[in-house]
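Here's the structure we're looking at; comments come further down.
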Amino acid sequence: MTTKQRVIVVGNGMVGHHFVDQLVAQSNQQFEITVLAEEPRLAYDRVHLSEYFSGKSAEDLSLTSETYYQSLGIDHFVNQRVSEIDRSRKTVLTNQGKTLEYDKLVLATGSFPFVPPIPGKERENCFVYRTIEDLDLIKAAAEKCKVGLVVGGGLLGLEAANALKQLGLKTHVVEFAPQLMPTQIDVGGGRQLKAKIEALGVSVHTEKATKIITDGESCVHKLEFADGSEIETDLVLFSAGIRPQDALARQCALEIGERGGIVINDNCQTSDKDIYAIGECALWQNRIFGLVSPGYTMARAAVSHLTQGEVIFSGADMSTKLKLMGVAVGSIGDAHARTPDALTFCYENPEEGVYKKVVTDTQQKHLIGAVLIGDTSEYDHLLQLHLQKDELSDTPESLIVPTLQGEPVNPADTMADSSFVCLCNLVTKGTIVDAISAGCDTVDAIKAKTKASSSCGTCVGMVQNVIDSEMAKLAVEVS
Amino acid sequence: MLMIPMAEAQPNLGKNLMNKPAVRLKQTTCPYCGVGCGIDVNVDGQTLTQVNGSSDHPANFGRLCVKGSSVLETNDVSGRLLQPMIGDSVVSWDEAINHVASGFQNVIEKHGPQAVALYVSGQLLTEDYYVANKLMKGYIGSANIDTNSRLCMSSAVAGYKRAFGSDTVPCNYQDLEDTDLLVLVGSNAAWTHPVLFQRMERAKQINPDMKVVVIDPRQSATSELADLHIAIKPGTDVALLNGVVNYLAEQGLLDKNYIEQHTEGFSATLESCQAWTAERVAQYCDIPLEQVSTYYQWFANSPTAITFYCMGVNQSSQGTDKCNAIINCHLASGKVGKVGSGPFSITGQPNAMGGREVGGLANMLAAHMDIENPKHRENVQTFWRSPRIADKAGAKAVDMFEKVRNGEIKAIWVMATNPAVSLPNGNAIAEALAACPLVVVSDCNLNTDTTEWANVRLPATGWSEKDGTVTNSERRISRQRGIMPPSGEAKHDWQIICEVAQAMGFASGFRFTSPAEIFDEHARLSGYENYGSRDFDISGLAGMSEGEYDRLRPVQWPVNAQYPQGCSRMFEDGRFFTKSGKAQFVGVTAKAPVQITSEEYPLVLNSGRVRDQWHTMTRTGKAAKLTAHIAEPFVAVHPNDAERFSLIDGQVAKVTSAFGQVLLKVKLDSGQRKGELFAPMHWNKQFASQANINKLYAPVVDPISGQPELKHAAVTIEPYAADFYGIAFSRSMIMSDSEYWTKAPNQAGFQMSFAGQGEISDWLDWCQQHSVSQGEWIRVENSSEKSFRVMCYKAQQLEFVCYIQATPFAEDTSWLSEMFMLQQFDREEIKALVAGTPTPEVAKGRQICSCFQVGEKQIIEAIVDYGDDTVEKLGERLKCGTNCGSCKTDLSGLIRANCPAVAV
């Protein structure tokens, strides 16, 4: 038994947990796994964190349990922050004074919320939105507040705004950029998204640089902006982006990117071949991947490397589909049309609050990006065209302009069995088809059987499409 | 836009037989150029449903040009000033009248009568004009009343007066058809006086021996008709014309008998002409010798000749001399007062002549009497029984505004004209109006570049409401009839003037209750103490009843005991209104224009008009049909100059003079002389960001006539470094804030062309911000080429489309406008707009025929594919050119360009 390699996983977020899951699944118990979690609980679904406010409990959100880890023979510690790594001795030291030896160390430390250096940011009722503990604090504070404000209009910021709204606060979102969600969607989409979110009663203020947080008159705080305007609020949430949690790597002198992030190779190894980094703390080809799906892919690559497999990390598609405050938002590929010579085709129906955009190459043959706001019904079809690099059969605008669209096509009909439906858990269409043949005829049944759509949830629609497609075929066969 | 019900005139014939007919016919006069065409208007209830040329009106015999045929499109109340306003507040008429009267009175009391002024217009009716002049010269006691006619034909007036002793146009329109040689100097009649041009065309068809010479620095639609086009160097006309006299003398072809019996001053004039041999003329005017010789031979040997001249002659620092140089040619060859002969000045406004008759110019008194003549002053004052009479000439237009600017004039009342656009050195005019303590503007429009400066705005009636008389270029007085009641609270100009006069305490002279009463006084004054001493005598029209006045048929003055039915041609007896009764030769010397080019301003800027617009566009600018021909102002540049100044076709260029700067689209035109630019003068702030070209001109005037030199500015041109060019069409309003923009109504609704600098991050958002369109939007973007297409549609109807690109539009974009007219707007149409490729239905090309909306591509197709090699064949196939005929020269130009074997 002493031949077992000791693997220490620092961090038990979604990616850290996925790594453990995969390592257990892929290996033949040749590893002795230790999980060190800084948070007071084991991995939970941070993607759906906001549902904590709409009634889900911490337990509902949890992805694993002590019993499960125990059953796998995994040593695990919560409230156990690693404070030091000694690479020469290959040990880690925790804040509780525990020293553990490793053969292979996996850093899945994730990220931390960036709080801009605004004077007054330490004032009371100024929070970040990252953990269940943060949410507890916010919830408690909100009870005594009337107005809440989120600094940051990105994906998470809007999630947080939604939470404040649900807590009954008059809610403001303040964004430095000229638009909401500047990472995922384009200016036009941002405009439409803003209109929709404002229609829901959240005040959106773009192009606002916060200068200072100080005493308010009608509220506790007052935010003063560079343009001279100001907003009063009782509670402030910072959601101004994330920064890779690379403090440990810095401490032990691993290679760090210029703007942070632990540099990794395609095997997710850091500059120390015995230390891996995965998820939001890792920097691959100078990029941080702030979504769960690429983190999972990294986890699988690291596992593969440990188990002499061939899976590597070769980047990830950042396409995403979600609902923000009930507003459907989709972003595929090069949403900003930054590819040289790219062509952009947009459709907007302000009355219905719909904005759609596709980006193609200069020959209008291939879809390279898309943005969908208000209506993401084309998402699966567009994502498939993008990922499979299918040649477009009609003019690009026909993909999104209702007058030009033919009968709705089920994108699953033309999908190859080998294509992935669930990118988080690498479930192919073929796997789902098999599950359907085996009697799974609902998304939940498929989810339970194949894990498809069990992580980020983007592919729920596509799973349904596959079900519909297969059912239609069966109906034809039957008739 | 006025709702014009189509073909609903006969709802129930049986019922109408019992009552009076539903559709009435009213005969009136066109409100545009100086041809003065009769118009028949169908009136259905309160709606004007149709216009036709009056078949019995001697000016046009049923013809109408495209501007006249579209007059109903400009006649709606949109944009009208409908209530009196002080500042931006609506006030009662009483308040407005008292404000103006007391304002004028205060200034007069403090600073004297020279400190107030009226600036009036050739668009006033004679009756309006008459009372304005009476108020100023007889009651206020100053001659500070001048008219915008100063800008168009005051040189012609001065020329006639020097030669004939009177402001008399000797010819008539019939002469144009009866002549053997028609010389057009400084006139683009094909575009500016299309009905007369059609008469010329027809005359030439009937008499193929008739010769047409066009003297104009640039190739124009008019020069299409010419047997000989002489593109002289601008401003050298006097040399060319003096050469005619010299040639007549050299060749022994002078009419010595006529010179002897009917003229004076010939020998001195001949002396001033003798240096001008054909060779020297050719060199001086920068033209081929054979062109000079041909013109001279034709003129000398033709039994009859008309020299037809307009603004190209008059708007010059030696405009009066040019007019006399023309008259000299006719006197020396005896070609005056004969059928088909004479020096024929054409006016640009419907009632420029009426203004001359009543004394609307600052240097005239009334009824062609002279301010400097004590007997005339006594006549007029006695006749008027007025407290005062002006005894010296007042300030002429350009001077008047200079006096406003320097504070000598402290109250000015502008009527029916737009000096902020039409006067030279526009920046100084704006300064003057801004500085003037009291600016009163009577207008039918709420917003013009001039009303912008008004302290008081008085709503005047417009065409179809105004009632009175006008006089056209052949001395023909016609009724312009009030067909509609005044819109809103508008009043007739004569009423407004009379009310102000009464409020100023001048009740006795202004108790008129109808235009007929005013006309009667005017007619009586013309005969007062006349005894054949003055040309203008319409005493024969005095004493008409209201009914007779209303039924007055077009008649050419004089109308008196000698000519009870009017007089079609003057000076047939060789007797003139000079002291000696003889016509005067006036020796003139060729002078260079005052605004000459320099190293800094190396180019000459010529100005003029386009076919379908008139003056400052306050009316024609409202008609979609009229903007399709040329929707955007431009500067015509010879291709060599374009290369020299790094300009390409369609690009926005900055044209700068020492006085101002404009932004115009470059139009390459090999019909321009090198070193010379041409730009239309119509556009102003209501229609374009910076296209008012008159502001480039120096306030230089002819020393005798006071007419500004508006055809010869020294300018330079450079590319405007636009980052984007855009064209937008919309069913509803479009707004613009780009540095360069021009707007026009069109068949879809509105169109806008724009260009600017900087980067617009989201053109879809921009389009939504700059329009009021609602519906489904599509945006297409090619970011590397920086080209964008934005469109909006709703319920299968296109609402808005805008194309933006980094370079000027080389392709015709008129099809975008046609997309709005389609019955169906569906898949194919959306795809066409996305792709930027017209569907077959809309590929008509740039509009050539405005009446039937026939496009250039259609015409070229007919020429190339069907071999239509005459204008008539094209008309049979496409109807183009078969209504107003204004586009016929464009058609023949297209035939020549696309069918080189054919001589048109």
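The values are calculated or read from the model by the stated rules, or taken from the named source; none is laboratory data. Just so you know, these numbers come straight off a predicted model, no measurement behind them. So basically every Cβ, Gly included, is an ideal-geometry build from the backbone, and we count neighbours across all protein chains shown.
For region A:265-302, the set of residues classified as touching a Cys at 6+ places or on another chain (Cβ under 9 Å) and more than 25 Å from A:L63 (Cβ to Cβ) consists of A:D272 only. All conditions in (1) in a loop (DSSP other than H, G, I, E, B); (2) in contact (Cβ under 8 Å) with a residue 60 or more places away in the chain hold for B:N606, with the sole exception of (1).
Those strands (runs of 3 or more DSSP E) of region A:175-253 in which 3 or more residues are closer than 21 Å to A:G148 by Cβ occupy A:203-205, A:210-215, A:221-225, A:230-233, A:235-238.
Please specify each residue of region A:24-65 satisfying the condition of being aliphatic (A, V, I, L, M) and over 19 Å from A:E101 (Cα atoms). I'd like the intermediate steps shown before the answer.
Filtering region A:24-65 for residues aliphatic (A, V, I, L, M) gives A:24-25, A:33, A:35-37, A:42-43, A:47, A:49, A:58, A:61, A:63.
Matches in region A:24-65: A:V24, A:A25, A:L42, A:A43, A:V47, A:L49, A:A58, A:L61, A:L63.
What helices (runs of 4 or more DSSP H) lie completely within region B:1-114 and have 2 or more residues being farther than 20 Å from B:P486 by Cβ and at pLDDT below 95? Lay out the reasoning, then the answer.
Numbers: elements: B:13-18, B:66-69, B:93-111.
Helices (runs of 4 or more DSSP H) meeting the threshold: B:13-18, B:66-69.
Any residue at all in region A:322-334 that is more than 22 Å from the chain's Cα centre (by Cα) and among the charged types (D, E, K, R)? No, region A:322-334 contains no residue that is more than 22 Å from the chain's Cα centre (by Cα) and among the charged types (D, E, K, R).
The single condition among (1) buried (at least 24 other Cβ atoms within 10 Å of the Cβ); (2) touching a Phe, Trp or Tyr at 6+ places or on another chain (Cβ under 6 Å) that B:K211 does not meet is (1).
For every residue, the table says whether it meets (1) within 18 Å of B:H615 (Cα to Cα); (2) touching a Ser or Thr at 6+ places or on another chain (Cβ under 8 Å); (3) buried (at least 21 other Cβ atoms within 10 Å of the Cβ); (4) at pLDDT below 95.
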{"residue": "B:P419", "(1), (2), (3), (4)": "yes, yes, yes, no"}
{"residue": "B:P424", "(1), (2), (3), (4)": "yes, no, yes, no"}
{"residue": "B:A434", "(1), (2), (3), (4)": "no, no, no, no"}
{"residue": "B:V440", "(1), (2), (3), (4)": "no, no, yes, no"}
{"residue": "B:D443", "(1), (2), (3), (4)": "yes, yes, yes, no"}
{"residue": "B:T450", "(1), (2), (3), (4)": "yes, yes, yes, no"}
{"residue": "B:L458", "(1), (2), (3), (4)": "no, yes, yes, no"}
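Might you let me know whether region B:415-429 holds any residue that is of a type outside the set (A, V, I, L, M), within 27 Å of B:L82 (Cα to Cα), over 20 Å from the mean Cα position of the chain (by Cα) and in the same structural domain as B:W463 (by TED's automatic domain parsing)? There is no residue in region B:415-429 that is of a type outside the set (A, V, I, L, M), within 27 Å of B:L82 (Cα to Cα), over 20 Å from the mean Cα position of the chain (by Cα) and in the same structural domain as B:W463 (by TED's automatic domain parsing). So, B:Q297, is that one assigned by TED's automatic domain parsing to the domain that holds B:V214, closer than 18 Å to B:D180 by Cβ and polar (S, T, N, Q) or not? Judged against the criteria, B:Q297 is a match. The strands (runs of 3 or more DSSP E) falling completely within region B:743-848 that include 2 or more residues that are within 14 Å of chain A (Cβ to nearest Cβ) and in contact (Cβ under 8 Å) with a residue 40 or more places away in the chain map to B:776-782, B:787-794, B:797-805. Residues in region A:233-288 that are of a type in the set (D, E) and either surrounded by fewer than 17 Cβ atoms within 10 Å (Cβ to Cβ) or closer than 24 Å to A:Q308 by Cβ (or both): A:E255, A:E258, A:D266, A:D272, A:D274.
Can you pull out every residue in region B:266-324 that is of a type in the set (A, V, I, L, M), part of a helix (DSSP H, G or I) and touching a Lys or Arg at 6+ places or on another chain (Cβ under 9 Å)?
Going through region B:266-324, the residues of a type in the set (A, V, I, L, M) turn out to be B:268, B:270, B:275, B:278, B:281-282, B:287, B:289, B:292, B:300, B:305-306, B:311, B:313.
Checking which are part of a helix (DSSP H, G or I) leaves us with B:268, B:270, B:278, B:281-282, B:289, B:292, B:300, B:311, B:313.
Passing the criteria: B:M311, B:V313.
Restricting region A:301-331 to residues that are more than 28 Å from A:V106 (Cβ to Cβ) and charged (D, E, K, R), the residue that is modelled with the lowest pLDDT is A:K323. The strands (runs of 3 or more DSSP E) located wholly in region A:294-391 that include 1 or more residues which are away from chain B (no Cβ under 14 Å) occupy A:320-324, A:327-333, A:367-373.
Looking only at region B:458-470, decide whether some residue is hydroxyl-bearing (S, T, Y) and part of a helix (DSSP H, G or I). So that I can check it myself, show each step before the final result.
As a first pass, look at region B:458-470 and keep what is hydroxyl-bearing (S, T, Y): B:461, B:464, B:469.
Restricting the remaining residues to those that are part of a helix (DSSP H, G or I) gives none.
So far as region B:458-470 goes, no, none of its residues is hydroxyl-bearing (S, T, Y) and part of a helix (DSSP H, G or I).
Might you check whether a residue that is at negative phi, in contact with a Gly (Cβ under 7 Å, 6 or more places away or on another chain), free of Cβ contacts under 8 Å to residues at least 40 places away in the same chain and not aromatic (F, W, Y) occurs anywhere in region A:226-237? Scanning region A:226-237 turns up no residue that is at negative phi, in contact with a Gly (Cβ under 7 Å, 6 or more places away or on another chain), free of Cβ contacts under 8 Å to residues at least 40 places away in the same chain and not aromatic (F, W, Y).
Does any residue of region A:89-98 turn out to be among the polar types (S, T, N, Q), touching a strand residue (DSSP E or B) at 6+ places or on another chain (Cβ under 6 Å) and surrounded by fewer than 18 Cβ atoms within 10 Å (Cβ to Cβ)? Give the steps one after another, and end with the answer.
Just the residues of region A:89-98 that are among the polar types (S, T, N, Q), to begin with: A:91, A:94-96.
Now restrict to residues that are touching a strand residue (DSSP E or B) at 6+ places or on another chain (Cβ under 6 Å): A:91, A:94-95.
Okay, now just the ones that are also surrounded by fewer than 18 Cβ atoms within 10 Å (Cβ to Cβ), so A:91, A:95.
Looking through region A:89-98, at least one residue is among the polar types (S, T, N, Q), touching a strand residue (DSSP E or B) at 6+ places or on another chain (Cβ under 6 Å) and surrounded by fewer than 18 Cβ atoms within 10 Å (Cβ to Cβ).
The residue that is nearest to the other protein chains (Cβ to nearest Cβ), counting only those in region B:853-867 that are crowded, with 16+ Cβ neighbours inside 10 Å and in contact (Cβ under 8 Å) with a residue 24 or more places away in the chain, is B:K857.
Residues in region B:386-412 that are touching a residue at least 60 places away in the same chain (Cβ under 8 Å) and out of contact with any helix residue (DSSP H, G or I) (no Cβ under 7 Å at 6 or more places or on another chain) were compared, and the one that is surrounded by the fewest Cβ atoms within 10 Å (Cβ to Cβ) is B:K392.
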